[in-house]
Each structure stands twice: as C-alpha cells, then as structure tokens.
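The values are calculated or read from the model by the stated rules, or taken from the named source; none is laboratory data. All values reported here derive from a predicted model rather than from experimental measurement. As a convention, Cβ positions derive from the backbone with ideal geometry for all residues, glycine included, and neighbour counts pool all protein chains shown. Surface accessibility is based on the protein's heavy atoms, side chains included, excluding ligands, DNA and RNA. Shrake-Rupley method; radii C 1.70, N 1.55, O 1.52, S 1.80 Å.
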Amino acid sequence: MEIAGLSVIGFILGMVTIIPGLSVATLAIAFNVYDRLINVITPDVKKILAARLFWLPMVIGGIAGIIFASKAVTILLENYHVPVYWFFIGIISGSVPGIYSMTRRPDSALPSFMSMICCVLAVIVMVIIAVYQPDESVNVVHTEFSWQFFGMLVLAGALAAIAMIIPGISGAFMLLITGYYYTALQAVSDFNISLMSPIILGAIFGLLSGAALVRLLLSKAPSQTYGAVLGLAAGSVLILYPGGFGEGYWIFISAACLLFGFAVSFLMGRKKTASYEQTKQPRSEEQRE
C-alpha cells in the first residue's frame, strides 16, 4: 500500500516538475516526504540502496508524471501560448507572499537587511537578463544535439536540480531563466535521448552536490537564501511577460489563467510557510535564551 502511495506522490511531483513556479520541494513537504528525500540524496551508495523501497516507487511515478505533463504542456504552449504564460506568471506571483514570509526576522514582520540586499541583487540580475536576452531566446527550441551547447545543457540541468531542492523555488523556473526550458520540455515530450542526456547528467550532479549546499544555506543563512529566491521570482515576470492578454475573449481567458495560477501557488505557499514557521520557532527561542 505504501509503495502505491509513494508512486502516486512521485507521479504528482513529476507533473509539478514541469510547471515553472510550482515548487517540488514545497509539495514534498505537504506530502511529508521532503526530509526523507533530502536525506537519501547522498553519494553514500549503501544508504541509497537501503532506502530503495522509498525512493524507487517515487522515481518510477515521477518519470511517468514528467512524460505525461511534458506532452500536455507542449500541446498547450503550441496552441494557447499567451494564456499558458499568464498561468505561469500567476503561479510565480502567488509564490511571492510565501517566500517573502521566509525572509523575515524571527521577531519582526519585516525582512532582514541582508535578505533584502540579496533580493535586490537577484532582481538586478533578472533585469539584465530580460534587457539583453534576445526576444526569441525565451521561445527557442533546440531539437538537434550540438556540442556547442552541451555544457550549457549540463549547467542548466544542474541549476534546475539545485533549485528544485529549495522549498519555494521551481527547477523548471530555473530552466526558464537559463533559456532551456522549452528545449528540455520538447526533448522529454519527443523522448530525445541526445538532448535529455546532458540535462539528466547535470541534474544528477546538481542533486548530489546541491543537497549538501542547500542544507548548508538553509541552516546557516535561510533568510538571505530566500531573499535571493524572492528576487529571482519577482524578476522572472519580466522574462515571461507575453506582451499582453491577447484579443477578444482571450483577454478574459488569460486573466482567469493568471488568477487561477496565483490561487494555486498562494495556497501551496501557505502550507509551506506554516511548515517553515514550525521549524524556525524552536531556533528563535534558543537564540533568545
């Protein structure tokens, strides 16, 4: 029974992996599997094999979810580009309040100074990307393998995997920033092994190296880390902005997608914020003592 349940959770997490702005880590917390996942991501082969009854059903379900969602999202983007973009913007915007709450000082409703500095720096980076990025680079899709961008695919996969581990941020969102989201989406949808391989290679490296880094950042500088995440999320709207809501009745459909995406992400963010506050409270009490 547990194996079937883990497979279903993996399938849902796999689908969420494809959608920019929805955090896999946040949903894993909601399903109460995040701690077990983060602990099994280790170079210790014996530890990984010992936990195989936990992660193997989730991996199988996750792969199925990724394949299913990638085909669905690809079709939607090809036929309903503008509403889908507004849905993505809604999801990312809905995550902002939850992320902001995690930048606050323990004894105040205001964020710490350093977290705001990190936020501003991240926004500046996103503005630079938006200004200097060619208009077509966000939508470009590479369908044939080339050694010229092999390294970039590996790097994009690694950054996406690291981002995926951090509660509140999306791995697909990081692929959007690097400009390889549509390439990865199309590669999975078409089962293009030559393009999937460097992304998977980077993702494996990112998971193994990123798990330890994320544990360090979230334990030593959580508010600064989430400050940078907040800046990336806010600035990403500049990159995603499709130029308008469309024409005629598409304006209302795009607006509805924006509101629906915001509502979904905001409700998920409240779940994450509650979990985060519970884990943060004991530390703040110790600090006051």
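Could we say that residue 117 is more than 24 Å from residue 206 (Cα to Cα), assigned to a helix (DSSP H, G or I) and not hydroxyl-bearing (Ser, Thr, Tyr) here?
Taking the combined requirement at face value, the residue satisfies it.
Taking the range 215-233 only, how many residues are part of a helix (DSSP H, G or I), of a type in the set (A, V, I, L, M, F, W, C) and open to solvent by less than 50 Å² (accessible area, probe 1.4 Å)?
The number of residues fulfilling the criteria is 6.
Say whether the condition of being within 30 Å of residue 106 (Cα to Cα), modelled with pLDDT of 75 or more and open to solvent by 70 Å² or more (accessible area, probe 1.4 Å) is met by at least one residue in the range 243-263.
Yes: one or more hits.
Here's a check for you: in the range 191-214, which residue that is modelled with pLDDT under 85 and surrounded by fewer than 18 Cβ atoms within 10 Å (Cβ to Cβ) is nearest to residue 15 (Cα to Cα)?
Looking at the filtered set, the residue picked out is 208.
Which members of the range 117-172 meet the condition of being modelled with pLDDT under 80 and under 18 Å from the mean Cα position of the chain (by Cα)?
Those that are modelled with pLDDT under 80 and under 18 Å from the mean Cα position of the chain (by Cα): 126, 138, 166, 167, 168, 169, 170.
Would you mind stating whether residue 97 is within 21 Å of residue 166 (Cα to Cα) and either in a helix (DSSP H, G or I) or open to solvent by 60 Å² or more (accessible area, probe 1.4 Å) (or both)?
Judged against the criteria, residue 97 is a match.
Pick out, from the range 1-94, the helices (runs of 4 or more DSSP H) lying fully within it that include 1 or more residues that are open to solvent by 40 Å² or more (accessible area, probe 1.4 Å), in contact (Cβ under 8 Å) with a residue 24 or more places away in the chain and under 20 Å from residue 263 (Cβ atoms).
Fully inside the range 1-94 and qualifying: 2-18, 24-30.
Any residue at all in the range 176-186 that's assigned to a loop (DSSP other than H, G, I, E, B), surrounded by 18 or more Cβ atoms within 10 Å (Cβ to Cβ) and modelled with pLDDT of 85 or more?
Checked against the condition, which is being assigned to a loop (DSSP other than H, G, I, E, B), surrounded by 18 or more Cβ atoms within 10 Å (Cβ to Cβ) and modelled with pLDDT of 85 or more, the range 176-186 yields at least one hit.
List the pairs whose first member sits in the range 185-198 and is touching a residue at least 12 places away in the same chain (Cβ under 8 Å), whose second member is among the aromatic types (Phe, Trp, Tyr), and whose Cβ atoms are under 7 Å apart, counting only residues at least 6 apart or on separate chains?
194/145; 195/145; 198/150
Just give me the residues in the range 100-116 being loosely packed, with under 15 Cβ neighbours inside 10 Å and either at positive phi or of a type in the set (A, V, I, L, M) (or both), in sequence order.
109, 110, 114
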